[in-house]
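Presented below is the structure to which this report refers.
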Amino acid sequence: MSAYKDKDPRINGIKTTIRVVPDFPKPGIMFQDITPLFLEPKAFKDSVDIFIERYQGKNISVVAGIEARGFIFGPSIALAIGAKFVPLRKPKKLPGEVISEEYILEYGRDCLEMHVGAVEPGERALVVDDLIATGGTLCAAMNLLERVGAEVVECACVIELPDLKGRERLNGKPLYVLVEAH
Ligand SMILES: O=P(O)(O)OC[C@H]1O[C@H](OP(=O)(O)OP(=O)(O)O)[C@H](O)[C@@H]1O
Ligand SMILES: Nc1ncnc2[nH]cnc12
């Protein structure tokens, strides 16, 4: 599922703000830089609004945002739809008891952690990040939520890199994206 396939007229304004930086952070990586989106208040608001419109009224009780760039979009969505926001953080950042999931990135390895008790069994969760590449990060995020008995309703990202086939790692879980980048 994607907003660009629905031909939402706001998508083009969002897409044109994304800057591609070759060979960052490593040779061979075409880095999709979303920081110019934040310099354009209309395009930034449009991106958040599209997610809010999609998830309002879907009985979602928790928005889980992935550090770091998922923190830019997740809280605004959570506040607008009346859900709580749960940060999924990189290792050794959360002070309480945590559960952890390791994963492999397009340019390295990493791990996500979530506070025990932040999400209750049976909660309906939305996972938010800026981008899906190989899908390892979203997969780890979903595993954290499912380990505590939450139901992941959908994952939402601004950008998908479809050539890396990250969608195939989500075990059929729906993924909603605003733009594709090749
Ligand atoms: O689909 P994947 O191959 O797992 O990659 C996607 C992840 O990579 C980027 O984060 P990064 O780990 O670079 O961290 P940052 O947001 O802290 O910069 C991006 O923001 C996603 O979280
Ligand atoms: N190509 C890319 N651009 C931006 N963030 C990423 N995370 C993983 N791959 C990425």
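The values are calculated or read from the model by the stated rules, or taken from the named source; none is laboratory data. Predicted model, so just to flag it, every value in this text is computed and none were measured. We place every Cβ from the backbone using ideal geometry, glycine too, and count neighbours over all the protein chains shown. Surface accessibility is based on the protein's heavy atoms, side chains included, excluding ligands, DNA and RNA. Shrake-Rupley method; radii C 1.70, N 1.55, O 1.52, S 1.80 Å.
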Margin query: Looking only at segment 16-33, filter to residues that are within 20 Å of the chain's Cα centre (by Cα) and charged (D, E, K, R); which one of those is farthest from ligand 1 (Cβ to nearest atom)?
Written below: Arg19
Note to self: Kindly evaluate Cys111 against the criterion of being at pLDDT 95 or above and in a strand (DSSP E or B).
What the structure shows: yes
Next item on the list: Scan segment 71-125 residue by residue and report those that are under 14 Å from Ile60 (Cβ atoms), of a type in the set (Asp, Glu) and open to solvent by 50 Å² or more (accessible area, probe 1.4 Å).
Entry: Glu120
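Using the structure shown, decide if Ile50 is part of a loop (DSSP other than H, G, I, E, B) and within 16 Å of the chain's Cα centre (by Cα). If you could, list the steps in order and put the result at the bottom.
Working: part of a loop (DSSP other than H, G, I, E, B): no; within 16 Å of the chain's Cα centre (by Cα): yes.
Answer is no for this residue.
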Note to self: So Leu145 ticks every box in (1) surrounded by fewer than 21 Cβ atoms within 10 Å (Cβ to Cβ); (2) more than 13 Å from the chain's Cα centre (by Cα) but one. Which box is left unticked?
What the structure shows: (1)
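I'd like the residue in segment 135-155 that is within 16 Å of ligand 2 (Cβ to nearest atom) and of a type in the set (A, V, I, L, M, F, W, C) and, out of all such residues, is nearest to Tyr4 (Cα to Cα).
First pass over segment 135-155, keeping only residues within 16 Å of ligand 2 (Cβ to nearest atom): 135-141, 155.
Okay, now just the ones that are also of a type in the set (A, V, I, L, M, F, W, C), so 138-141, 155.
Details: Leu138: 21, Cys139: 23, Ala140: 26, Ala141: 25, Cys155: 16 Å.
Once the filter is applied, the top-ranked residue is Cys155.
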Notebook entry, point to check: Out of all the residues in segment 97-134, which are over 12 Å from the mean Cα position of the chain (by Cα), among the β-branched types (Val, Ile, Thr) and within 16 Å of ligand 2 (Cβ to nearest atom)?
Noted result: Ile104, Thr134
Margin query: Looking at (1) open to solvent by less than 20 Å² (accessible area, probe 1.4 Å); (2) assigned to a loop (DSSP other than H, G, I, E, B), which one does Lys173 not meet, given that it meets all the others?
Written below: (1)
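Can you name the residue in segment 58-70 that is outside any helix (DSSP H, G or I) and either open to solvent by less than 20 Å² (accessible area, probe 1.4 Å) or touching a Ser or Thr at 6+ places or on another chain (Cβ under 8 Å) (or both) and, of all such residues, is nearest to ligand 1 (Cβ to nearest atom)? Show your work before the answer.
If we filter segment 58-70 for residues that are outside any helix (DSSP H, G or I), which is where we start, we get 58-69.
In the following step, the residues that additionally are either open to solvent by less than 20 Å² (accessible area, probe 1.4 Å) or touching a Ser or Thr at 6+ places or on another chain (Cβ under 8 Å) (or both) were identified as 60, 62-66.
Details: Ile60: 20, Val62: 18, Val63: 15, Ala64: 12, Gly65: 10, Ile66: 5 Å.
Step by step, filter segment 58-70, then rank; the result is Ile66.
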Notebook entry, point to check: Conditions: (1) over 19 Å from the mean Cα position of the chain (by Cα); (2) loosely packed, with under 14 Cβ neighbours inside 10 Å; (3) farther than 27 Å from Val152 by Cβ. Gly13 meets all but one. Number of the miss?
Noted result: (2)
Item checked: Restricting segment 28-57 to residues that are open to solvent by 90 Å² or more (accessible area, probe 1.4 Å) and closer than 25 Å to Cys139 by Cα, the residue that is farthest from ligand 2 (Cβ to nearest atom) -> Gln56
